[in-house]
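Trainee: Below is a structure I'd like to ask you about.
The values are calculated or read from the model by the stated rules, or taken from the named source; none is laboratory data. Quick caveat, the model's predicted, so the values are computed rather than measured. Here Cβ is always computed from backbone atoms with ideal geometry, including for glycine, and neighbour counts include all displayed protein chains. With ligands, DNA and RNA removed, areas are computed over all heavy atoms of the protein, side chains included. Shrake-Rupley method; radii C 1.70, N 1.55, O 1.52, S 1.80 Å.
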Amino acid sequence: MNNLDKKTAMQFEQLSQLYSVNIVPLVTSVILAAILAFMQRNVISPTVVYAWFSLITLIMVSRTILNLIYQRSSTASQSRTHLWLLRFRLGIVISGIIWGAAGFLMFPDDYPQNQLFLLFMLAGLIAGAVNSYAADIVSARVFSVLVLTPIIIRLSLVGESLYLAMSLASTLYLGYLMMSLRHINHNISENIALRLEATEREATVKTNEERYRLLLSYSPVGIFHYDTNLIITYSNTHFAGILHSSIENLIGLNMKHLKNKAIIPILSNTLKGEIGNFEGRYIATFSTDDVWISMTCAPFQDNNGAIIGGIGIVQDITERKLAEEEIKKLAFYDPLTGLPNRRLLQNRLNLALASSAVSGRSGALLFLDLDHFKMLNDTRGHDIGDLLLKQVSERLSSCLRECDIVARLGGDEFLVMIENLSVYSFEASVQAEMIANKILTTLNQIYFLEPFEYNNGCSIGVVLFNGQNNSQDELIKQADIAMYHAKKSGRNNLCFFNPLMQEAITARVEFEYDLRKAVENRQFYLHFQIQMNHSRQPIGAEVLIRWQHPKRGLVPPIEFIPLAEETGMILPIGLWLLNSACAQLKLWQENPLTRDMALSVNVSSKQFFQADFVTQVQSVILNYGIKPSLLKMELTESVLVKSIEETIMIMDALITTGIQFSLDDFGTGYSSLQYLKRLPLHQLKIDQSFIRDIAFDSDDQTIVRTIIAMADNLNLNVIAEGVETEEQLKFLQDNGCVNYQGYLFSQPVVIEDFEALLKHCT
Ligand code: C2E
Ligand code: MG
Ligand code: MG
């Protein structure tokens with residue numbers, strides 16, 4: 001409250017006091033006036049007495065009415081303090097004048113007793129008035145002076161010494177009243193100020209109390225108070241809510257008897273003046289639910305600083321904790337199977353390596369990959385795939401001990417880590433093998449993938465570890481390599497890692513890199529190997545690729561063609577070869593000596609089954625404008641394995657263009673007569689393995705004779721490859737084979753040498 005407000009409030013209080021105490025003096029005044037009038041009626045003219053009394057009564061009634069109006073008026077209109085004070089003072093002045101007039105008008109000259117009575121009355125009146133009106137010092141003083149002055153003057157006018165003394169005494173009395181009035185007024189003002197202050201303080205306390213009550217009630221945290229016996233004395237709604245209880249249940253609860261004892265020492269310590277914190281799982285006493293809470297508690301002191309209990313602030317952090325756990329789960333566990341993921345396994349593997357270094361015991365890492373999982377996924381859908389993965393996870397977990405760990409790396413790959421195997425590496429590997437076999441057997445049981453029954457194998461790579469010789473990444477890589485070998489050696493198998501395996505892998509990676517570079521840098525060139533007819537006349541050549549490696553020198557095709565096929569690099573290589581062969585044919589076509597020379601190119605399976613292989617070949621032929629019948633494609637039997645129908649379709653399309661087909665390495669594959677009959681082939685090329693010993697091996701002789709007879713029946717041309725000796729040639733000639741290829745005539749050579757050879761032959 002500012003000073004101005006304070007002053008107004010003070011005045012308002014004074015005025016209220018003036019008006020509230022006014023009734024009694026007013027009534028008393030009327031009674032006194034009546035007594036005075038009665039007493040003086042015989043000594044003063046009755047007209048004067050009645051007139052005076054009427055005036056007194058009138059003013060008193062007026063003032064009473066004014067009083068009542070004030071009391072009943074609204075606080076707002078009362079607050080016009082100044083106006084009401086003026087009204088009050090006007091009433092005081094008028095009644096003071098009338099009472100003062102009594103000092104002259106009611107003063108009987110010859111009746112000393114009545115004179116004294118009058119003086120006594122007026123003195124008494126102002127004595128009372130001073131008290132009643134002391135709240136307004138102006139009113140009290142004006143009233144006293146107005147009432148007593150006339151009689152003082154009247155007494156002095158009598159002229160006798162006794163009257164003069166009485167006049168003087170009355171003046172002194174008036175002076176004394178004036179002085180004491182100041183004290184009384186001061187006291188009243190002080191009282192009013194104190195009361196105002198107290199009221200204001202009370203209001204502030206009430207406001208603060210309400211504020212704290214609201215804060216506590218609606219605070220989003222739980223708040224409770226407890227006494228020195230750890231008995232709860234206050235709980236807000238939120239606190240009760242957190243504990244799934246009610247405020248009534250909580251108040252009076254002795255926390256020493258809580259189910260959760262962990263918080264008791266913390267609470268007790270606050271009674272020694274400490275601030276305590278707790279964060280953890282809390283099992284509520286009144287319910288079966290458990291929540292995660294965070295609690296801070298502090299001592300509560302009275303005015304003298306003595307600890308009278310404590311206050312606790314509690315937050316329900318269950319949601320936060322659950323979210324944290326979920327995040328942890330997502331970070332370390334595979335969502336589909338619930339198994340640990342690679343990250344968690346790596347952490348555990350690090351620990352296992354350290355503990356193996358201390359204990360000297362070996363451990364094993366098993367890398368598992370389900371066989372043909374992709375096929376199941378593609379044919380039956382991902383839901384079924386997921387179902388299998390879940391069942392596999394369960395089976396894997398069931399095969400292992402508590403301390404072992406199985407993780408899903410993604411897709412159909414799992415890693416199993418086994419610890420505490422033998423200290424002797426051989427024994428450890430036997431133990432690891434036993435576990436891996438157990439896993440294989442378990443995973444080989446039938447799966448029920450509603451509505452299918454499914455049989456699934458898996459390939460396992462095993463690597464042993466002991467101490468910290470290898471990093472965890474290296475170990476996982478080695479297990480992976482071993483698994484890859486298990487897959488290669490027929491699937492549903494297990495294979496241990498050994499260093500040679502890794503060397504092979506590293507070499508392969510390097511080789512693949514080199515091959516890529518070779519494609520980019522055109523490190524290939526062609527050899528041509530002559531093909532002869534029965535009169536030793538050249539009929540054409542087979543184109544054989546050569547790779548001149550910058551460091552290794554000449555790399556034989558048998559080494560790099562399989563890798564080129566596996567990696568798809570055979571496609572650009574094959575296309576380049578086809579272009580080169582056609583370019584050569586084009587050159588030959590312009591020369592009468594070579595015009596009828598045919599060229600055989602080897603075509604790999606991947607190349608053959610490219611979606612646009614036919615158009616590719618057609619556009620190359622068109623591009624060079626060669627005679628297509630001079631281009632022969634050598635297919636191996638492995639091509640046929642994929643799909644006979646598709647093979648026939650592609651061959652037919654190419655035959656329409658005019659191209660010829662030869663079946664290379666014939667006799668080494670699995671071609672059935674059925675197939676041979678259906679395939680639109682032109683030539684069978686007897687594999688060199690049958691030719692090698694043909695001069696003396698009767699089995700080979702029979703086979704070759706049969707092939708020749710069969711080709712004859714099927715109306716196919718026959719060529720023998722790998723002809724190295726005259727004996728071999730003779731046998732072939734004697735048995736009706738009319739085309740030959742082999743070192744007897746020439747090794748595969750570069751084009752310049754080949755053309756020189758041609759000239760020599762003709
Ligand atoms: P292939 O198609 O059966 O080729 C015949 C292989 O036998 C050639 O080996 C050739 O040099 C060799 N040869 C020929 N006459 C004799 C002989 O009298 N005695 C012996 N011991 N060997 C003889 P090369 O050039 O090392 O090729 C090996 C295989 O690599 C080829 O077998 C073929 O399957 C593949 N190849 C070669 N060039 C290409 C190519 O450009 N594309 C594809 N896809 N494969 C190719
Ligand atoms: Mg060939
Ligand atoms: Mg061959």
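Trainee: Yes or no: Ser662 closer than 25 Å to Leu554 by Cβ and within 16 Å of ligand 2 (Cβ to nearest atom)?
Mentor: Values: closer than 25 Å to Leu554 by Cβ: no; within 16 Å of ligand 2 (Cβ to nearest atom): yes.
So Ser662 does not fit the description; no.
Trainee: What number of residues within segment 608-621 are surrounded by 16 or more Cβ atoms within 10 Å (Cβ to Cβ), within 60 Å of the chain's Cα centre (by Cα) and either within 16 Å of ligand 3 (Cβ to nearest atom) or of a type outside the set (S, T, N, Q) (or both)?
Mentor: 5
Trainee: Any idea which of (1) at pLDDT 90 or above; (2) open to solvent by 10 Å² or more (accessible area, probe 1.4 Å); (3) closer than 29 Å to Ser45 by Cβ is the one Arg141 doesn't satisfy?
Mentor: Status for Arg141: all satisfied but (3).
Trainee: Which residue pairs have Cβ atoms under 6 Å apart, sit 6 or more places apart or on different chains, and have a first residue in segment 575-600 that is within 16 Å of ligand 2 (Cβ to nearest atom) and a second that is among the basic types (Lys, Arg)?
Mentor: Pairs that qualify, where the first residue is within 16 Å of ligand 2 (Cβ to nearest atom) and the partner is among the basic types (Lys, Arg), are Ala598/Lys632; Ser600/Lys632.
Okay, residues lined up against (1) surrounded by 16 or more Cβ atoms within 10 Å (Cβ to Cβ); (2) more than 16 Å from ligand 3 (Cβ to nearest atom); (3) at negative phi:
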position: Asn623; (1), (2), (3): no, yes, yes
position: Leu631; (1), (2), (3): yes, yes, yes
position: Thr636; (1), (2), (3): yes, no, yes
position: Ala653; (1), (2), (3): no, yes, yes
position: Gly658; (1), (2), (3): no, yes, no
position: Leu681; (1), (2), (3): yes, no, yes
position: Ser689; (1), (2), (3): no, no, yes
position: Asp693; (1), (2), (3): no, yes, yes
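Trainee: Out of all the residues in segment 290-307, is one or more among the aliphatic types (A, V, I, L, M) and over 21 Å from Pro220 (Cα atoms)?
Mentor: Checked segment 290-307: at least one residue is among the aliphatic types (A, V, I, L, M) and over 21 Å from Pro220 (Cα atoms).
Trainee: Within segment 718-744, can you find the residues that are within 16 Å of ligand 2 (Cβ to nearest atom) and open to solvent by less than 30 Å² (accessible area, probe 1.4 Å)? Let's see the steps before the verdict.
Mentor: Initially, segment 718-744 is screened for residues within 16 Å of ligand 2 (Cβ to nearest atom), giving 718-723, 739-743.
Within segment 718-744, Val718, Ile719, Ala720, Glu721, Gly722, Val723, Asn739, Tyr740, Gln741, Gly742 meet the criteria.
Trainee: Out of Ala711, Ala720, I need the residue that is under 18 Å from Met633 (Cα atoms), within 13 Å of ligand 3 (Cβ to nearest atom) and not basic (Lys, Arg). Which one?
Mentor: Ala720
Trainee: Given (1) open to solvent by 70 Å² or more (accessible area, probe 1.4 Å); (2) in contact with a Leu (Cβ under 7 Å, 6 or more places away or on another chain); (3) at pLDDT below 95, where does Asn715 come up short, assuming only one miss?
Mentor: (2)
Trainee: Scan segment 643-676 residue by residue and report those that are among the charged types (D, E, K, R) and touching a residue at least 12 places away in the same chain (Cβ under 8 Å). Give the steps one after another, and end with the answer.
Mentor: Taking segment 643-676 and keeping what is among the charged types (D, E, K, R), we get 645-646, 652, 664-665.
Residues satisfying the conditions are Glu646, Asp652, Asp664, Asp665.
Trainee: Right, next: Which residues, taken from segment 429-445, are at pLDDT 85 or above and among the aliphatic types (A, V, I, L, M)? Show your work before the answer.
Mentor: Taking segment 429-445 and keeping what is at pLDDT 85 or above, we get 431-445.
Once the filter is applied, which keeps residues that are at pLDDT 85 or above and among the aliphatic types (A, V, I, L, M), segment 429-445 yields Ala432, Met434, Ile435, Ala436, Ile439, Leu440, Leu443.
Trainee: Go through segment 150-166 and count every residue that is in contact with a Ser or Thr (Cβ under 8 Å, 6 or more places away or on another chain), over 16 Å from Gly96 (Cβ atoms) and of a type in the set (A, V, I, L, M, F, W, C).
Mentor: So the answer is 2.
Trainee: Within segment 437-486, which strands (runs of 3 or more DSSP E) (wholly inside it) include 2 or more residues that are of a type in the set (A, V, I, L, M)?
Mentor: On the way: elements: 447-449, 452-454, 458-465.
Hits in segment 437-486: 458-465.
Trainee: Suppose we keep only residues that are farther than 19 Å from Gly658 by Cα and in contact with a Lys or Arg (Cβ under 9 Å, 6 or more places away or on another chain) within segment 593-607. Which one would you say is surrounded by the fewest Cβ atoms within 10 Å (Cβ to Cβ)?
Mentor: Leu593
Trainee: Do you know which residues across segment 108-138 are open to solvent by 10 Å² or more (accessible area, probe 1.4 Å) and assigned to a loop (DSSP other than H, G, I, E, B)?
Mentor: Selection gives Asp109, Asp110, Tyr111, Asp136.
Trainee: Does segment 459-473 include one or more residues that are open to solvent by less than 10 Å² (accessible area, probe 1.4 Å) and more than 20 Å from Leu353 (Cα to Cα)?
Mentor: Checked against the condition, which is being open to solvent by less than 10 Å² (accessible area, probe 1.4 Å) and more than 20 Å from Leu353 (Cα to Cα), segment 459-473 yields at least one hit.
Trainee: Exactly one condition in (1) away from ligand 3 (no atom under 16 Å from the Cβ); (2) under 60 Å from the mean Cα position of the chain (by Cα); (3) of a type outside the set (Ser, Thr, Tyr) is not met by Leu757; state its number.
Mentor: Exception for Leu757: condition (2).
Trainee: Identify the single condition in (1) open to solvent by less than 70 Å² (accessible area, probe 1.4 Å); (2) within 30 Å of Gln14 (Cβ to Cβ) that Leu172 does not satisfy, given that it satisfies every other one.
Mentor: For Leu172, the failing item is (1).
Trainee: Determine whether segment 509-525 contains at least one residue that is within 12 Å of ligand 1 (Cβ to nearest atom), assigned by TED's automatic domain parsing to the domain that holds Pro748 and of a type outside the set (Lys, Arg). Show your work before the answer.
Mentor: We begin by selecting, within segment 509-525, every residue within 12 Å of ligand 1 (Cβ to nearest atom); these are 524-525.
Then keep just the ones that are assigned by TED's automatic domain parsing to the domain that holds Pro748; that gives 524-525.
In the following step, the residues that additionally are of a type outside the set (Lys, Arg) were identified as 524-525.
Looking through segment 509-525, at least one residue is within 12 Å of ligand 1 (Cβ to nearest atom), assigned by TED's automatic domain parsing to the domain that holds Pro748 and of a type outside the set (Lys, Arg).
Trainee: OK, next. Could you say which residue among Val43, Val48 is among the hydrophobic types (A, V, I, L, M, F, W, C), farther than 18 Å from Val145 by Cα and not in a helix (DSSP H, G or I)?
Mentor: Numbers: Val48 fails: not in a helix (DSSP H, G or I).
Result: Val43 is the single residue among Val43, Val48 that is among the hydrophobic types (A, V, I, L, M, F, W, C), farther than 18 Å from Val145 by Cα and not in a helix (DSSP H, G or I).
Trainee: Where the second residue is at pLDDT below 85 and within 13 Å of ligand 3 (Cβ to nearest atom) and the first is assigned to a helix (DSSP H, G or I) and lies in segment 625-642, which pairs have Cβ atoms under 6 Å and are six or more apart or on separate chains?
Mentor: Sorted first by the residue in segment 625-642, then by its partner, the pairs are Glu637/Gly669.
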